[in-house]
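See structure below.
The values are calculated or read from the model by the stated rules, or taken from the named source; none is laboratory data. None of the values given here were measured: they were computed from a predicted structure. Note that we place each Cβ from the backbone using ideal geometry, even for glycine, and neighbour counts take in every protein chain shown. Accessible surface is based on the protein model in full, side chains and every heavy atom, while ligands, DNA and RNA are left aside. Shrake-Rupley method; radii C 1.70, N 1.55, O 1.52, S 1.80 Å.
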Amino acid sequence: MENTVYVIGHKNPDTDSGVSASAYACLRQLQGYTNYVAARAGHLSPQTEYIFTRFKVPYPEYIPDLIPKTKYFMHDGCVTVPDTASLWAAIGTMNSKGYKVLPVVDKDGTYRSLLHYDAFARDVLKIMSPDKKTAITTSIDLIRSTLNAQPIIEKNSTDQFKCSVLVGASEPHSFKEMLDAHKSENIIVIVGNREDIQETAIDAGIKLLVITSGFVLKKELREKAYAKGVSVLISPYATSATAMLIPYAAPVSNMADAGVEPVHPEDTVAKIRPLLQKSVSRCLPVTDQNDKVIGLISESDLLHDPNVEVVLVDHNEPSQAVEGLEHYKLREVIDHHRLGNLATSYPITFINKPVGATSTLIANMYRESRISIPVEIASILLCGILADTLILQSTTTTDIDRETAEYLSNITNLDIKQLGEDLIAAGSHIGGRTAGEVIRQDMKEYTEGKLIYTVSQIEVDNPSEILQRKKEFMDELAIERRARKALFCALLVTDITSLSSILLFEGDNTFAPFLTFPQKEKNVYYLKDVVSRKKQLIPLLTELVGRFNP
C-alpha cells in the first residue's frame, strides 16, 4: 500500500497556507496520486473558514503534530478469529496468513484476547500432561469441525462443556471400571471398531462417542445411543491422531491470552515501545475507539520507515513546521518566503519563487500540467492570492500574481474587488475573540542564531479596537514570550484602508532601543506604508536582531 502524503502548511495556518494545501493535494489527486491528503497543523482563521465554507471545499485534515504514532507504523486490515472458533481453526488461520499472533473477538467484533504460540502451547501442555487427567472445555460442534468428523447423533451440539477424554483400548471390564471412576464427569470416549467397548460406553451414558478410522456404528448400537442421549461422531483419522486433535477442539477464547491489552492508533511510539518489550510475542493488537481491531503492530515494525511522507506548502522553516516533521521523509516544498535553515539528507523538489502568494504558484502548476482547475479550487486559490496580497495592493504583489488572479477570476466569474472586500470583512472582525486567539491565528516564529522571535499579523479596517484592548494584547504577547523564551513577540496590525501598520511589541528591554520605528505610545510603533510581514518587516527585524549582541 502506498504511503500517505500529507500536504501541510505552517503552524497557525493563514488563508494562503490552508488554500495551498487543499489545492495542491487536489492537483496531485487529479494526476492519479490518490494518496495525497490536504492537512493543516492548526485551527483555521475565521477568514479561511469563511472561504472553505462559502465555496464548499472540505477543510484540510487537522493534524496537530506528527510525533511518531502507532498508526504510522502498524499493519492495518488484520484478520481476527471469533472467540467461539476452535483452537485448531485459529492455528490454521495463523499458519495460512503467516501470523505470529491472532486477535480474538466476540460476536460484535470487540477485542477480547490475543492468541500467540506461547499462550496456547502452555495451555495445551497442561491439558496433555501425563501426570494429570485430560480435561478440556469444548463442544460437539467444535470437535466435529476440528476432526472433520461425520456426525451420526448430535445432542445440544453448540453447548460448551468441560470433559474428560478416554481412549477405549483396554478389555471391557477394565474399561468399565475406568468409566465408573469418571462417572460424575462429562466423558468423551475415543474408540475404533471394537463393538464391545462402544456398547459399554453407550450403556454408561457418556457425553460423546468418537469412532475412529471411519468405522461405522451398528444400527442396534445407534438406536441405543440415541435412546441414551449419547452423541456420536465418526472421525476419518486413526485413534492416535484423533486423540491428539481433541485438545485442539477447545474454544480459542480458553487458550488465548486475555492479559494482553490493545494499543490505539493515536498512541505515541514512546508509549507503546515498553509495552511491546513486555509482550511475549513482541506484538500487540491495535483497536479503535469502539474496541474493534483495526490492525497489529510489532517491535520490528518500528524499525521500518513510517507510512507517512510530507509536502510543505507556504513555509520552509522548521520552526514554523508541524511538530515532529523531522521523523518523516520530506518530498517537496512549495513556498514564496525567505529560505530558512531546512536541510535534508536527500534531494527533494524545492519550488520557491518571489511572488505574493503560494496560491499563485500552485494555480500555475495546474496550468503548466495542462490540468483544468475545478471551479471550487479556482475560487479558493483566488482567495488565497487576494488574502496574501491585500487584494493585490501589498508591496509583495507581482505581475504574475495579478495575471493569475485575472485568470482565476475568469474561470470562477468572481469579481476581484468585491471578493477581496468580502475576505477582509471576514478576517478583520475581532469582536468576541480573545487576544490570544487573534495573536495565535497567524503567528510565525523566526530564528536568528540562538535567538528566536515571533511576529503575528492581522489585517483590519480600523486598528482602534486593538489599541483599546492594548493591555489584553500585551499580556498575551508576554505569555508567548515567556513560553518560547523569545527575544520578543510582536503583533503587526495592518490597516487595509491606509495601507500602513502599527506594531505591538513585547520584548527584551535591551533590544527595544534597536527599533527605529516612530513610537505612538509605549510598546506601540507606527509603520508607515508597511503592509507585508514577509517582504518589509521581517528583513528589517532580521537585520536588527543580527546586530543585537546580548
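Say we look at the range 211-231 and pick out the residues that are touching a helix residue (DSSP H, G or I) at 6+ places or on another chain (Cβ under 6 Å) and in contact (Cβ under 8 Å) with a residue 60 or more places away in the chain; which of these is nearest to THR146 (Cα to Cα)?
If we take residues in the range 211-231 being touching a helix residue (DSSP H, G or I) at 6+ places or on another chain (Cβ under 6 Å) and in contact (Cβ under 8 Å) with a residue 60 or more places away in the chain, then SER231 is nearest to THR146 (Cα to Cα).
When only residues in the range 382-438 that are in contact (Cβ under 8 Å) with a residue 24 or more places away in the chain, under 13 Å from THR360 (Cα atoms) and acidic (Asp, Glu) count, which is surrounded by the fewest Cβ atoms within 10 Å (Cβ to Cβ)?
ASP401
Out of the residues in the range 249-262 that are among the small types (Gly, Ala, Ser) and within 15 Å of VAL81 (Cβ to Cβ), which is most open to solvent (accessible area, probe 1.4 Å)?
The selected residue is ALA258.
Would you mind finding the one in ALA85, ALA38, ALA90 that is of a type in the set (Gly, Ala, Ser) and modelled with pLDDT of 95 or more?
Among ALA85, ALA38, ALA90, only ALA38 is of a type in the set (Gly, Ala, Ser) and modelled with pLDDT of 95 or more.
Does the range 325-332 include one or more residues that are more than 29 Å from ILE385 (Cα to Cα) and outside any loop (DSSP other than H, G, I, E, B)?
Residues of the range 325-332 that are more than 29 Å from ILE385 (Cα to Cα), as a first pass: 326-328.
In the following step, the residues that additionally are outside any loop (DSSP other than H, G, I, E, B) were identified as 326-327.
Looking for residues that are more than 29 Å from ILE385 (Cα to Cα) and outside any loop (DSSP other than H, G, I, E, B), one finds at least one in the range 325-332, hence yes.
Among the listed residues SER139, SER145, SER184, which satisfies the condition of being small (Gly, Ala, Ser) and farther than 17 Å from TRP88 by Cβ? Even if it seems obvious, please write down each step before you answer.
Values: SER139 fails: farther than 17 Å from TRP88 by Cβ; SER145 fails: farther than 17 Å from TRP88 by Cβ.
When all the criteria are applied, what remains is SER184.
Of the residues that sit in the range 320-330 and are under 18 Å from the mean Cα position of the chain (by Cα) and under 21 Å from LEU361 (Cβ atoms), which one is surrounded by the most Cβ atoms within 10 Å (Cβ to Cβ)?
This residue is VAL322.
Collect the residues in the range 360-370 that are touching a helix residue (DSSP H, G or I) at 6+ places or on another chain (Cβ under 9 Å) and open to solvent by 40 Å² or more (accessible area, probe 1.4 Å), keeping them in residue-number order. So that I can check it myself, show each step before the final result.
Step one: of the range 360-370, the residues touching a helix residue (DSSP H, G or I) at 6+ places or on another chain (Cβ under 9 Å) are 360-367, 369.
Once the filter is applied, which keeps residues that are touching a helix residue (DSSP H, G or I) at 6+ places or on another chain (Cβ under 9 Å) and open to solvent by 40 Å² or more (accessible area, probe 1.4 Å), the range 360-370 yields ARG367, SER369.
Looking at the range 398-468, what helices (runs of 4 or more DSSP H) fall wholly within it and have at least 1 residues that are at pLDDT below 90 and over 20 Å from ALA321 (Cα atoms)?
416-428, 464-468
Just checking, which of VAL293, VAL310, VAL322 is over 30 Å from THR53 (Cβ atoms) and touching a strand residue (DSSP E or B) at 6+ places or on another chain (Cβ under 7 Å)?
Selected residue: VAL293, the only one of VAL293, VAL310, VAL322 that is over 30 Å from THR53 (Cβ atoms) and touching a strand residue (DSSP E or B) at 6+ places or on another chain (Cβ under 7 Å).
With the requirement that a residue be in contact with a strand residue (DSSP E or B) (Cβ under 6 Å, 6 or more places away or on another chain) and open to solvent by less than 10 Å² (accessible area, probe 1.4 Å), what does the range 207-229 give you?
LEU208, LEU209, VAL210, ILE211, ALA225
Out of (1) surrounded by 19 or more Cβ atoms within 10 Å (Cβ to Cβ); (2) modelled with pLDDT of 90 or more; (3) not hydrophobic (A, V, I, L, M, F, W, C), the odd one out for SER532 is which?
Failed condition: (2).
Out of everything in the range 181-200 that is touching a helix residue (DSSP H, G or I) at 6+ places or on another chain (Cβ under 8 Å) and farther than 22 Å from THR158 by Cα, what residue ends up being surrounded by the most Cβ atoms within 10 Å (Cβ to Cβ)? Outline the logic, then answer.
Step one: filter the range 181-200 for residues touching a helix residue (DSSP H, G or I) at 6+ places or on another chain (Cβ under 8 Å), giving 187-192, 195-200.
Now restrict to residues that are farther than 22 Å from THR158 by Cα: 191-192, 195-200.
Working: VAL191: 23, GLY192: 17, GLU195: 13, ASP196: 12, ILE197: 23, GLN198: 25, GLU199: 16, THR200: 21.
The extreme case among them is GLN198.
Listed here are the residues, each with its yes/no results for (1) surrounded by 15 or more Cβ atoms within 10 Å (Cβ to Cβ); (2) within 19 Å of the chain's Cα centre (by Cα).
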| position | (1), (2) |
| --- | --- |
| HIS264 | yes, yes |
| LYS271 | no, yes |
| PRO285 | yes, yes |
| ASN290 | no, yes |
| LEU312 | yes, no |
| PRO318 | yes, no |
| GLU332 | yes, no |
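Among the residues of the range 17-58 satisfying the criterion of being in contact with a helix residue (DSSP H, G or I) (Cβ under 8 Å, 6 or more places away or on another chain), part of a helix (DSSP H, G or I) and among the polar types (S, T, N, Q), which is farthest from SER428 (Cα to Cα)?
Among them, the one singled out is SER22.
Working only within the range 334-348, note down all residues that are within 30 Å of LYS485 (Cβ to Cβ) and either open to solvent by 60 Å² or more (accessible area, probe 1.4 Å) or part of a loop (DSSP other than H, G, I, E, B) (or both).
Matches in the range 334-348: HIS336, HIS337, ARG338, LEU339, GLY340, ASN341, LEU342, ALA343, THR344, SER345.
Show the residue pairs meeting these rules: Cβ distance below 9 Å; 6+ apart or different chains; first residue within the range 152-170 and within 23 Å of ASP180 (Cα to Cα) and outside any loop (DSSP other than H, G, I, E, B); second residue open to solvent by less than 80 Å² (accessible area, probe 1.4 Å) and aromatic (Phe, Trp, Tyr).
From the range 152-170, the pairs are LEU166/PHE175.
Taking the range 108-136 only, how many residues are at pLDDT 90 or above and either in contact with a strand residue (DSSP E or B) (Cβ under 7 Å, 6 or more places away or on another chain) or open to solvent by less than 10 Å² (accessible area, probe 1.4 Å) (or both)?
7
Can you go through THR494, THR516, THR510 and tell me which one is open to solvent by less than 20 Å² (accessible area, probe 1.4 Å) and either modelled with pLDDT of 95 or more or not in a helix (DSSP H, G or I) (or both)? Give the derivation first.
Details: THR516 fails: open to solvent by less than 20 Å² (accessible area, probe 1.4 Å); THR510 fails: open to solvent by less than 20 Å² (accessible area, probe 1.4 Å).
Unique residue meeting the criteria: THR494.
Answer yes or no as to whether ALA357 is touching a Gly at 6+ places or on another chain (Cβ under 9 Å), surrounded by 19 or more Cβ atoms within 10 Å (Cβ to Cβ) and not hydroxyl-bearing (Ser, Thr, Tyr).
It is true that ALA357 is touching a Gly at 6+ places or on another chain (Cβ under 9 Å), surrounded by 19 or more Cβ atoms within 10 Å (Cβ to Cβ) and not hydroxyl-bearing (Ser, Thr, Tyr).
Restricting attention to the range 232-258, which residues are at pLDDT below 95, in contact with a helix residue (DSSP H, G or I) (Cβ under 8 Å, 6 or more places away or on another chain) and small (Gly, Ala, Ser)?
Once the filter is applied, which keeps residues that are at pLDDT below 95, in contact with a helix residue (DSSP H, G or I) (Cβ under 8 Å, 6 or more places away or on another chain) and small (Gly, Ala, Ser), the range 232-258 yields ALA249, ALA250, ALA256.
Conditions: (1) out of contact with any helix residue (DSSP H, G or I) (no Cβ under 7 Å at 6 or more places or on another chain); (2) open to solvent by less than 30 Å² (accessible area, probe 1.4 Å); (3) under 27 Å from THR396 (Cα atoms). GLY449 meets all but one. Number of the miss?
(2)
Among the residues of the range 63-84, which ones are within 30 Å of THR138 (Cα to Cα) and among the aliphatic types (A, V, I, L, M)?
Looking only at the range 63-84, we keep the residues that are within 30 Å of THR138 (Cα to Cα), and these are 77-84.
VAL79, VAL81 - these are the residues of the range 63-84 that are within 30 Å of THR138 (Cα to Cα) and among the aliphatic types (A, V, I, L, M).
Would you pick out the residues in the range 2-27 that are open to solvent by 40 Å² or more (accessible area, probe 1.4 Å) and at pLDDT 95 or above?
Across the range 2-27, the qualifying residue is only THR4.
Within the range 527-549, how many residues turn out to be part of a strand (DSSP E or B) and within 20 Å of ALA478 (Cα to Cα)?
Counting residues in the range 527-549 that are part of a strand (DSSP E or B) and within 20 Å of ALA478 (Cα to Cα) gives 0.
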